[in-house]
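A.B. asks: Quick one: the structure is below, and I'll ask about it shortly.
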Amino acid sequence: MNEKIAKSVSKFLSLVLRHSPETIELKLDENGWADVEELIEKCNKKGSQNQMTVELLDYVVENNDKKRFAFNEDKTKIRASQGHSISVELNLDEAEPSEFLYHGTVGKFLDSIKKEGLQKMSRQYVHLSKDLETAIKVGSRRGSAQILTVRSGEMHRDGFKFYLSENNVWLTDNVPAKYIQF
Ligand code: HQG
């Protein structure tokens, strides 16, 4: 499989499965699932640069660096495992986080984060990771990464809810500044 094609397909799937399914007139159900046949048909009709096939979808689901997408059990449906800006109910179970989780951001946001804490901004949740490397990668998308350490254990004991996505991203509604080590 050509990795360039796989990456471009992953980007396109992120667009339609997380942010704007209407780009290809696709409908997601309330849990964020798209019908695989419909997705393929509409990608090919409406705008993916690449010819979409079941094999290509299979490859992207299996080999995507962050396992961003998942099939349902009988592979008739596909959805993004996290990262949505549209409102979908992922039905994630609450989970108990480790004592610390990390968030990668950039310097220009720090003043605001110190005031308001971490907000979900345009997404459904604030995204946190268990390991520093992931946080560094996330922050580096925007420039020189600044890593924030979140006292997630304390937050959880204080009653904040955490969820773990299918692809191991920690999600929470917001992180008040008092739980952040800058
Ligand atoms: C910042 C990618 C000012 C926050 C990544 C971040 C991740 C604030 C940006 C996933 C703020 C939001 C999510 C506040 C937060 N004031 N700035 N109060 N609170 N911010 O993209 O975490 O590759 O929505 O620090 O890898 O960067 O697409 O969130 O810089 O897992 O699969 O506002 O997206 O995954 O940006 O990234 P985002 P994120 P994919």
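Throughout, read-outs are computed from the coordinates displayed, never taken from laboratory work. Since the structure is predicted, the reported quantities are computational estimates derived from the model, not experimental observations. When we count neighbours, we look across all protein chains shown, and the Cβ atoms used for this are built from the backbone with ideal geometry, even at glycine.
A.B. asks: Report the semi-axes of the equivalent ellipsoid for the chain in whole Å, largest first, where each axis is √(5λ) for an eigenvalue λ of the Cα gyration tensor. Mind dumping the intermediate values first?
C.D. replies: Working: eigenvalues 202, 60, 41 Å².
Over the Cα atoms of the chain, the ellipsoid semi-axes are 32, 17, 14 Å.
A.B. asks: Using helices alone, what [θ] at 222 nm do you get for the chain, with -39,500 (n - 2.57) per DSSP H run of 4 or more residues, divided over all residues and rounded to the nearest 500?
C.D. replies: Working: 6 runs with 55 residues, N = 182.
Helix-only estimate at 222 nm: -8500 deg cm²/dmol.
A.B. asks: If you average the sequence gap of Cα pairs under 8 Å that are 6 or more apart and divide by the length of the chain, what percent do you get for the contact order? Working shown, then result.
C.D. replies: Values: 312 pairs, mean separation 37.9, N = 182.
It rounds to 21 percent for the chain.
A.B. asks: For LYS67, which aspartates and glutamates qualify as cross-link partners when the Cα separation must be under 14 Å and same-chain residues fewer than eight apart are set aside?
C.D. replies: ASP58, GLU166
A.B. asks: Using the Cα gyration tensor of the stretch 3-80, with a ≥ b ≥ c the square roots of its eigenvalues, what is the shape: rounded (a/c below 1.5), prolate (a/b larger than b/c) or oblate (neither)?
C.D. replies: Verdict is rounded for the stretch 3-80.
A.B. asks: Could I ask something else about it? Using unit Cβ charges (K, R positive; D, E negative) and no other charged atoms, how large, in debye to the nearest 20, is the dipole of the stretch 3-80 about its Cα centre?
C.D. replies: Working: 14 positive and 15 negative charges, 91 e Å.
Once rounded to the nearest 20, the dipole reads 440 debye.
A.B. asks: To the nearest 20 Debye, how big is the dipole of the chain about its Cα centre, given +1 on the beta carbon of each Lys and Arg and -1 on that of each Asp and Glu?
C.D. replies: On the way: 27 positive and 28 negative charges, 205 e Å.
Value, rounded to 20: 980 debye.
A.B. asks: Right, another one. Would you mind classifying the stretch 101-181 by shape? Square roots of the alpha carbon gyration tensor eigenvalues, ordered a ≥ b ≥ c; an a/c under 1.5 is rounded, otherwise it is prolate if a/b is larger than b/c and oblate if not. Intermediate values should be presented prior to the final figure.
C.D. replies: On the way: a/c = 1.59, a/b = 1.19, b/c = 1.34.
It is oblate, given that a/c is not under 1.5 and a/b is not larger than b/c.
A.B. asks: Under a cut-off of 27 Å between alpha-carbon atoms, report the lysines in cross-link reach of LYS108, not counting same-chain residues fewer than 8 places apart.
C.D. replies: Candidates past the 8-residue exclusion: LYS11, LYS66, LYS120, LYS130, LYS137, LYS178.
A.B. asks: Under a crude label model (7 Å from the Cα following the beta-carbon direction), how far is SER140 from ILE86 in nanometres?
C.D. replies: 3.2
A.B. asks: Which GluC sites (Glu not before Pro) does the stretch 68-132 hold that lie in a coil by DSSP with at most 12 other beta carbons within 10 Å? Don't jump to the answer; show the numbers that get you there.
C.D. replies: Working: sites: GLU73, GLU89, GLU94, GLU99, GLU116; in loops: GLU73, GLU89, GLU99.
Listed in order of number, the matching sites are GLU73, GLU89, GLU99.
A.B. asks: How do VAL126, VAL106 line up, fewest other C-beta atoms within 10 Å first? Could you put the intermediate results ahead of the total?
C.D. replies: Values: VAL126 19, VAL106 14.
The order, fewest Cβ neighbours first, is VAL106, VAL126.
A.B. asks: Hey, rough spin-label estimate for LYS161 and ILE147, points 7 angstrom out along Cα→Cβ, what's it come to in nanometres?
C.D. replies: Going from the LYS161 label point to the ILE147 one covers 3.0 nm.
A.B. asks: While we're here: Counting other Cβ atoms within 10 Å, which trypsin sites (Lys or Arg not before Pro) in the stretch 1-65 have at most 12 and lie in a DSSP loop? Don't skip to the answer; put the middle values down first.
C.D. replies: Numbers: sites: LYS4, LYS7, LYS11, ARG18, LYS27, LYS42, LYS45, LYS46; in loops: LYS27.
Filter output for the stretch 1-65: LYS27.
A.B. asks: Hey, with R₀ at 25 Å, roughly what FRET efficiency would LYS67 and ASP111 work out to, going by the Cβ-Cβ distance, to 0.05?
C.D. replies: Working: r = 34 Å, r/R0 = 1.36.
That gives a FRET efficiency of 0.15.
A.B. asks: What's the FRET efficiency of ARG123 with GLU37 using the Cβ-Cβ distance as r and R₀ = 30 Å, to the nearest 0.05?
C.D. replies: Numbers: r = 28 Å, r/R0 = 0.94.
Once rounded, the FRET efficiency stands at 0.60.
A.B. asks: What is the distance in Å between the Cα centres of the stretch 119-145 and the stretch 103-118?
C.D. replies: Here the two parts' Cα centres lie 11 Å apart.
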